[in-house]
Amino acid sequence: MNIPNEFQPLPVEQVAAPRHRLCFWRTFAPDRQTAPRIVWSRLTSLFLAGVVAAVVTGCKVGPDYQSPNASVPGRYTSLGLAALSNLTSSVTSNVVADPLASWWTLFKDPTLESLVADAVAANHDVRLAQARVREARALRGGARSSLFPQVHGSADYQRSRSSGSTSQGKLSKATGAGLTQDNWLSGLDLSWEIDVFGGNQRAVEAAQAGLEAAADRVNGTRITVLAEVGLGYLDVRGLQKQLAVARDNLLAQEQTLALTRDRAQAGLANELDSARAEAQVAATAALIPPLEQGMLNAQHRLATLLGKVPGELAKRLEATSLIPAPAPTIPVGLPSDLLRRRPDIRRAERELAAATARVGVATAELFPKFYLTGAAGLQSIEANDFFDGGSRFWSLGPSLRWPIFSAGRIRQKIQVENARQEQAVILYEQTVLKSLEEVENALVAFGKEQERHRELIRAEQASRRAVTLASDQFRSGLVDFLSVLEAQRTQFAAQEQLVRSEQALSQNAVRLYQALGGGWHGLQSPKSLVATTANPPSTKGSSSR
């Protein structure tokens, strides 16, 4: 048999020559009959080599994530303040057993505990964050699906008529086939990307880290919401006590006004004393409406945090109660505890992990992608033989795709992901520093308020004695009425500042609990939050696939 020149085997020196390296057919095909078989063999060998490399070596391009080393001090500098003598520094190895996990129970206030429970169940910010966790979990599932074969089913029926004026139509009429024809088709299509270089696996890593970051966002939202509930509740109790102080002082001042008027009628006092007493009563009475407004606003804000209509908590909070005092000791712990306790730091670390994995996703685009594609089904032009063996068809084979020229798009994408990873590192470091700042500021505020509170107690006790002495000496005629008014004003101011200090002391304790990351791990662990969250509201007519 004479073989055409274009299919003659080439000399070895020509096969190896650079000018022939792109001539795939002439290089690999010795003759016309064996050429397709050799090409298939070459492709199959390359495909199988990629599969073996993926299974055996588990190759994943891009950087492997390593947890960042955060630089934190060995202790808080503000612990050395004398005002913080009742703060105890304790290192807790198990975060779940930390008393900060349920800091609201340390106030020993059943109403506060019930409000916290309602906020966790119904707060809209928490529910929104939980919905984002479900979104992140679905994204992770979508990323994982790329690791598995994709199978699609199809079915088609078509009835067509060919033109009788064409050559094909004339041939059909001549053979008696007719111009009208049916076509029945059904089958399955298979596509599977063999993740040789780990781009899809890196995408799954990024999605998993994103899911964990979303879970920590829920925990961070809970910390904020619980702190706002505590602060709002303390606002209500503080304003209630301020109202009680103002009303008590108003009652005492009205009694003094009545006494002054009686003495004036008896000629023992002048009209000036009555006018001064009346002015003081009016000034104190004018302070009550703003306090009532503030208390109602605090109740409305608290109801919103609990997912309730404003004013719905009025009956629940109408009974005046003492301002709950903070616990005598607060387990501050070490600065290094913040790295695992505060959700914002944990979220920043998980976002860094996701950014690192996305570098690998972008890097994998530089390398070839291996696919296994196939199809199988039934096809016939007659319905009665559609299910016969002769109607079967199938195809199966590997394929390879490799971006040879993209004008630098892929490498620029890698640079983008590298820059985002660098930003994630910077944000993580910044988050750690801000958390340390918040704790230090909270420690200072709590300690200094303790010091102020002790002095205000002394001032209130002294002002109470001054009012008693001034009233007795006024009745005895030893001092004028102006001394009594001044003593009463001083006492009222001291009592008001003392109430505000009690409120501020408890609120600063709440802010310290918040800065230390207390709250979320007393409700649900991050692993269980990643595994499941509250089910979303059901929607009629929805379907899943």
| query | Can you tell me how many residues in the range 384-407 are in contact with a Phe, Trp or Tyr (Cβ under 6 Å, 6 or more places away or on another chain) and over 30 Å from CYS59 (Cβ atoms)? | reply | 1
| query | Taking interchain pairs and intrachain pairs at least six residues apart, which have beta carbon atoms under 6 angstrom, with the first residue in the range 429-455 and within 18 Å of ARG500 (Cα to Cα) and the second among the charged types (D, E, K, R) and part of a helix (DSSP H, G or I)? | reply | ALA442/ARG511
| Taking LEU139, is it part of a strand (DSSP E or B) and either at pLDDT 90 or above or outside the structural domain of VAL309 (by TED's automatic domain parsing) (or both)? | no
| Do you know which of the residues in the range 308-348 that are assigned to a helix (DSSP H, G or I) and free of Cβ contacts under 8 Å to residues at least 24 places away in the same chain is farthest from LEU234 (Cα to Cα)? | LYS315
| request: Quick one: count up the residues across the range 146-195 that are hydroxyl-bearing (Ser, Thr, Tyr), within 60 Å of the chain's Cα centre (by Cα) and not in a loop (DSSP other than H, G, I, E, B). | output: 5
| task | Identify the single condition in (1) at pLDDT 90 or above; (2) surrounded by 13 or more Cβ atoms within 10 Å (Cβ to Cβ) that THR468 does not satisfy, given that it satisfies every other one. | result | (2)
| query | Considering ARG140, ARG134, ARG127, which residue is of a type in the set (D, E, K, R), surrounded by 12 or more Cβ atoms within 10 Å (Cβ to Cβ) and touching a Pro at 6+ places or on another chain (Cβ under 8 Å)? | reply | ARG134
| request: Please find, among PRO343, PRO328, the residue that is of a type outside the set (A, V, I, L, M) and under 30 Å from SER67 (Cβ atoms). | output: PRO343
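Among the residues of the range 234-263 satisfying the criterion of being free of Cβ contacts under 8 Å to residues at least 40 places away in the same chain and crowded, with 17+ Cβ neighbours inside 10 Å, which is nearest to GLN491 (Cα to Cα)? Let's see the steps before the verdict.
Taking the range 234-263 as the starting set, the residues that turn out to be free of Cβ contacts under 8 Å to residues at least 40 places away in the same chain are 248, 250-251, 254-255, 257-259, 261-263.
When the remaining residues are screened for being crowded, with 17+ Cβ neighbours inside 10 Å, the result is 250, 257, 259, 263.
Values: LEU250: 12, LEU257: 17, LEU259: 19, ARG263: 23 Å.
Step by step, filter the range 234-263, then rank; the result is LEU250.
The values are calculated or read from the model by the stated rules, or taken from the named source; none is laboratory data. As the structure is a computational prediction, the values presented were derived from the model and not from experiment. As a convention, Cβ positions derive from the backbone with ideal geometry for all residues, glycine included, and neighbour counts pool all protein chains shown.
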